[in-house]
Amino acid sequence: MPRQFGDSDMSTMRLSMIRGGDRRLDLMAGVVLVLVCLLTYLALASGFMAIWQFDDRINLERLASVTDVRSAMAFVFDGRATAFGRPLSMASFLVNVGDWPNSPAAFRRVSVGLHLINGLLLCWIALEVGRRFAWPRGRALLFAVTLSGLWMLNPIQVSGIMMPVQRMTMLSGLFVLLGVLLYLQGRRRVEQGQLRAGMVWMTLALVIGGGLGVLAKENAVLLPLLLLVLELVLPKVQLDGSRGRWLLAWRAVFLVAPLLLLAGYFIVTWDGVLAGYRSRPFALGERLASELVILWDYVRQILLPNVRAFGPYHDDATIYQLTDPAVIAAALAWLAVFAVALRLRRVFPVLLFGLAWFWAGHLIESTFISLELYFEHRNYLPSIGLLAVLAVLLVWIPLPRARWLATLAAVLVSLGLTARVASLWSENVTAAEVWYQAHPGSARAAQTLSYFYREMGFLPAARNILDEASQHSQIGRELKVQALLLSCRLGDPPQAMRERFDAILAGFTAAQLHGSSFVRAIHDLGDAVDAGQCSGLVHDDVSRLAQAALENPYIYNKPNACQHLYFELAKQAERAGDLASKVKYVDLAFQSSPTLSMARLRAVAYFQNQQLDAAVQSIDQALGFAPPFGPGHLAWTSELLSLKQAFLAIHGQLSGGSLPD
């Protein structure tokens, strides 16, 4: 006789149906997410044919010297001698060592791969947040996939991905997002009563996300602050007695204390922070005022993108005063939206989260540190906050059909805009013309357009662009140096060359200069004069220009720029046969910015000048600038000690003596 179904059987069937429905939802969400990732790759791949950008070569050109483990370590740990630097980011570029300098597309593929991984991490994080709020599974999945898709496909991400050196931003973002995910995993265990296991997971989140993230880019130091922002809106963890006190103590030690230490660091080094403004065209107050306006422009570009406003060149950003009406309006608007968010924090907490996350993410690069004013890639992680607000609004539309249509429309619009912005990057000449028209005051835009005209053989047009831009660019004198180089190639007569040179040198010590591009122009000018391409100019003219630059406040506060200029003076001295001056300038180059490569060049210069004792002493002194621990320390010591032994061996062979033990 067949068994009758009881209540327990019906419950089992309902549970089985629910689980089956959940699996179908998970499968659908997974398929959609894979499709979004594929579309993201295709949209961004349309920009892979872009050329190298302004910061790429100066950071990556040493890849050409990587031939073995030792040279690879030198590439990763060279640069300014500090305990940390960005070694993880630099190490990631070794993946593309065979692609330098002929395939920037290969570098961008890696950046896109990191971006897609970050999108998957964000989706997982969003799903965990939805679970913490006990949202229905379908709604939580839709929110997670929507937020991930909107973020991966937002056109403001394009410039960071298309500039290969900004892989640093993607890699740092990966560790931060991984840290957030691990933190949420630990928090869930705490909610389930597993306090010790939960705190281990959350501690691991700070070590991996913050510790490793900082080795990719310093922004990751903000991870504790981002986690506190997340805690603003998540349901509170309810723990009684000693367990609650343990959790509060953990947060004090691992979330609050690092931020206090960071604040203390900036207080202690405040003079150094202010010193950075000596090489900027704006003061601290002007930067803070300008950023209040710029942050609103970021918001507009994230939520209501203007395709023509996107691009890599924003060095012509307006500098505002604190009393300007635009600044006052921007400040009042920020106060108003935060007041509304606080008022609605119980019924619509995502608004407070979105604003706080956006501001927290910009705390390092868009406040008091003397960086340039405007870069789109600074929104890589901060944009998550604003897009989370948009995603919540979309997935909580009451009518299911309207909800799906609105969400699909938002993702497709983002896809179309991103594809359009990215594809422009591959149209190199057209892109340069569009960016120059949008930013006629941008020196970088003018330099890029001039470069393409020069490569196409339109030398007069290339020089005209630089001459025109020099009239209204903040660094017009720097553009005039580059125009002088084109005059060399055009074969201008000596008198015309001399007039251009004298016009550049007049008042040069007070002119605003950018640094890296000017240093490269001086280097190229020295090579052109050496090759006899600049009639009317001699080596001494290049040296005079370099010396004037070293007296310029926009340059002498930039150690790397000073290093390159002193090295250029050393080259000019060598060309003139003045080896003593060459040694002097190479030593000044190292003292300006102690790097492993310059330590090696300095020691070689002493040795070539038959100053063995000075060469050995310079190596011993340079070792004092080596990172105190880790692979960086090993790279410095192995390279320099090997060089020291080589000098002693050569000296012993030449003198016929024996080597010291």
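Based on the Cβ-Cβ distance from GLN608 to GLN437, what FRET efficiency comes out when R0 is 60 Å, to the nearest 0.05?
0.75
Residue by residue, what Karplus-based ³J(HN,Hα) values in Hz, rounded to whole numbers, does region 430-435 have, using 6.51, -1.76 and 1.60 with θ = phi - 60° and x for Gly and Pro?
Values per residue, Gly and Pro as x: 4, 4, 4, 5, 5, 5 Hz.
Using the heavy atoms of the protein chains alone and a 1.4 angstrom probe, what is the accessible area of region 63-176 per residue in square angstrom?
Numbers: 3580 Å² over 114 residues.
Roughly 31 Å² per residue, with all protein chains present.
Sticking with the crude label model, points 7 Å out along Cα→Cβ, report the distance from ILE650 to ALA409 in nm, one decimal please.
For ILE650 paired with ALA409, the spin-label model returns 7.3 nm.
Can you list the residues of region 144-172 with backbone N under 15 Å from a point 7 Å past the Cα of SER597, pointing along Cα to Cβ?
Taking a point 7 Å out along Cα→Cβ of SER597, no residue of region 144-172 has its backbone N under 15 Å.
Give me the net charge for the shell around MET28: Cβ to Cβ below 13 angstrom, other residues only, Lys and Arg +1, Asp and Glu -1.
On the way: positive: ARG23, ARG24, ARG137; negative: ASP22, ASP26.
So the environment of MET28 carries a net charge of +1.
Using only the alpha-carbon atoms, how far is helix 559-575 inclined from the longest principal axis of the chain? Give it as 0 to 90 degrees, nearest 10.
Roughly 30 degrees, rounded to the nearest 10.
Round to the nearest 10 and report in Å² the accessible area of CYS488, as given by a 1.4 Å probe over the protein chains' heavy atoms.
Per-residue accessible area (CYS488): approximately 10 Å².
Net charge near VAL429, counting Lys/Arg +1 and Asp/Glu -1 over other residues with Cβ under 12 Å of its Cβ?
Details: positive: ARG454; negative: GLU427, GLU433, GLU455.
Here the charged neighbours net out to -2.
Quick one: length gained pulling ALA257 to ASP26 fully straight, 0.36 nm per residue minus the C-alpha distance?
Values: separation 231, 0.36 × 231 = 83.16 nm, distance 3.92 nm.
Separation in residues times 0.36 nm, less the Cα-Cα distance, equals 79.2 nm.
Using heavy-atom solvent-accessible surface (probe 1.4 Å) with all chains present, what is the largest-first order of LEU121, LEU60, LEU601, LEU42?
On the way: LEU121 25, LEU60 0, LEU601 75, LEU42 100 Å².
Largest to smallest exposure gives the sequence LEU42, LEU601, LEU121, LEU60.
For helix 7-45, report the angle its Cα long axis makes with the longest principal axis of the Cα atoms of the chain; keep it between 0 and 90° and round to the nearest 10°.
Between the helix axis and the principal axis of the chain, the angle is about 20 degrees.
Magnitude of the Cβ-charge dipole of the chain, K/R +1 and D/E -1, about the Cα centre, nearest 20 debye?
Values: 56 positive and 48 negative charges, 606 e Å.
For the chain, the charge dipole is close to 2920 debye.
Computed from the coordinates I sent, Kirkwood radius over Cα pairs in Å equals one of (1) 34.2; (2) 25.6; (3) 27.8. Tell me the label.
(3)
Considering only protein heavy atoms, with the full assembly of protein chains and a 1.4 angstrom probe, order ARG345, ARG251 by accessible area, largest first. Working shown, then result.
Details: ARG345 110, ARG251 55 Å².
From most accessible down to least: ARG345, ARG251.
Which value, in Å³ per residue, describes the convex hull spanned by the Cα atoms of region 32-140? Numbers along the way, then the final one.
Details: hull volume 16.0 nm³, N = 109.
For region 32-140, the hull spanned by Cα atoms encloses 146 Å³ per residue.
Give the accessible surface of region 185-311 per residue, rounded to a whole number of Å², with probe radius 1.4 Å and ligands, DNA and RNA excluded.
On the way: 6120 Å² over 127 residues.
It amounts to 48 Å² per residue over region 185-311.
For HIS472, project a label point 7 Å along Cα to C-beta. Then give me every residue of region 427-443 with its amide nitrogen under 18 Å of that point.
Under 18 Å, as judged by backbone N against the label point of HIS472, lie 433-443 of region 427-443.
When the helices in the chain are scored as -39500 (n - 2.57) per DSSP H run of 4 or longer and the sum is shared across all residues, what 222 nm value do you end up with, to the nearest 500 deg cm²/dmol? Mind showing how you got there, number by number?
Values: 31 runs with 453 residues, N = 661.
One gets -22500 deg cm²/dmol as the mean residue ellipticity at 222 nm.
With each pseudo-label sitting 7 Å past Cα toward Cβ, what's the ILE328-ALA249 distance in nm, one decimal?
5.2 nm
For a bin width of 5 Å, list the pair-distance distribution of region 413-481 built from all Cα-Cα distances, rounded to whole %.
Percent of Cα pairs in each bin: 3, 20, 24, 21, 14, 9, 6, 3, 1.
Given a Förster radius of 35 Å and the C-beta distance between ARG489 and THR637 as r, what FRET efficiency does 1/(1 + (r/R0)^6) yield to the nearest 0.05? List each step's numbers first, then the result.
Details: r = 45 Å, r/R0 = 1.28.
The pair ARG489/THR637 has a calculated efficiency of 0.20.
Around LEU390, what is the net charge, scoring Lys/Arg as +1 and Asp/Glu as -1 over all other residues with Cβ under 14 Å from its Cβ? Numbers along the way, then the final one.
Values: positive: ARG300, ARG403; negative: none.
Overall, the nearby charge balance is +2.
Compute the label zone of ARG520 within region 101-140: residues whose backbone N is under 17 Å from the point 7 Å along Cα-to-Cβ.
It comes to 101-105, nothing else.
How large, in percent, is the carbon and sulfur part of the accessible surface of region 346-501 at a probe radius of 1.4 Å?
Numbers: 4030 of 6330 Å².
Carbon plus sulfur share of accessible area: 64 percent.
Can you give the relative contact order of the chain as a percent, counting alpha carbon pairs under 8 Å and 6+ residues apart?
Numbers: 897 pairs, mean separation 95.0, N = 661.
About 14 percent, as a whole number.
What is the Å³ per residue value for the convex hull set by the Cα atoms of region 251-352? It would help to have the intermediate numbers written out before the result.
Details: hull volume 17.1 nm³, N = 102.
Given the Cα convex hull of region 251-352, per-residue volume reads 168 Å³.
With the crude spin-label approximation of a point 7 Å out along Cα→Cβ, what separation in nm comes out for ILE267 versus ARG420?
With each label placed 7 Å out from Cα toward Cβ, I get 5.0 nm.
Counting only protein chains, not ligands or nucleic acids, how are HIS523, HIS362 ordered by accessible area (probe 1.4 Å), most first?
Details: HIS523 65, HIS362 5 Å².
From most accessible down to least: HIS523, HIS362.
Just flag the chymotrypsin sites (Phe, Trp or Tyr not before Pro) in region 119-221 sitting in loop per DSSP whose Cβ has no more than 15 other Cβ atoms within 10 Å.
Working: sites: TRP124, PHE133, PHE143, TRP151, PHE175, TYR183, TRP201; in loops: PHE133.
Passing both the DSSP loop test and the Cβ count: PHE133.
The values are calculated or read from the model by the stated rules, or taken from the named source; none is laboratory data. For clarity, every value in this text was computed on a predicted model and none was experimentally measured. Here the Cβ is made from the backbone with ideal geometry for all residues, glycine too, and neighbour counts use every protein chain on show. What goes into the accessible areas is simple: the full protein's heavy atoms, side chains included, and nothing from ligands, DNA or RNA. Shrake-Rupley method; radii C 1.70, N 1.55, O 1.52, S 1.80 Å.
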